[in-house]
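A short write-up of the structure that comes next.
Just so you know, all these numbers are worked out from the coordinates, no wet-lab data involved. Since the model is a prediction, treat every value here as computed from it, not as a measurement.
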């Protein structure tokens, strides 16, 4: 009921008169998934069903060259308090942590000034365009039930911060350049590197440190794009307390691309990141309060990862016009990522966080806006014992 009440409130809060109808539009998407686990390190891990997300994205054109855009995401079925049982973050230790049972997150809230195709301005709460998922995060943009694991274990997905952006198109080349608030290094961890540094724990985001972000994408042919993106910013001064007096600059670079022409789909990404003074960050994090609800585990000085997935629509062999909208993709994906690819000082380089995964599955598009998914993934850890994590997943997604 609380979830539905929030949706109704959002819709009622937007007053649209007949004269405004042409200026107002809404899009969005949703995902529900089931997963069953066979993990040697956690043999009693329970199967689960997750109302992963429902997104409402309204836009309103105030004038010919000014528009407001927003994106509101309901995660995990609503809001509330629940308990998460995290069995293994480091060295076989057990850990209980309290997290929100669900979240309502404003992922985007910005005003856009459209000047011309070559240069435009976006100001407010904006998407950080690093990686492939930042631009392609709807359920039809990736094969697995959840977003690609190589990317989601290295950087926040979807990453959204407060700042200002210049963007535009120069023929086949599009660009984005941003200044946004930086990360909070208290959230960095062994398992997911800088992902937990995304400032979502408090009502406001600390803005003592800012970051520079850039992205270039080149459209080779319609349906085929190759690009690069980068991020650089300090994460030392956005901590809740001034307990780290050395710089902790985060540098990220990625290569990405996709090819979706005819029956063939191929997508890939390579990401490289570095954290300055990771040993000092790790030492400072060990002394954090339990109430902060962070992992407090050692952090790698370097993280590396990437994936490649290829799928083919087998219904393309059927020539009947009755099958023009229906798609049955069979796919395979390979992920390889290490969130502790290198360490500094006396930090132990835990091989557990060097992960490789082969995933096989299918996507059935019964309608262009609806996809049913199934996959089986076999993940292998760098450790020598209890290193198999196999998962069967089913789910569906829609967009409107």
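Among 295, 241, 265, whose mean-square fluctuation peaks in a Gaussian network model of the chain (Cα, cutoff 10 Å)?
Result: 241 has the largest fluctuation of those listed.
Restricting to DSSP H runs of at least four residues, report the calculated mean residue ellipticity at 222 nm for the chain, -39500 (n - 2.57) per run over all residues, nearest 500 deg cm²/dmol.
-1500 deg cm²/dmol
At what distance in angstrom do the alpha carbon centres of region 324-400 and region 242-264 lie from each other?
Computed from Cα coordinates, the inter-centre distance equals 18 Å.
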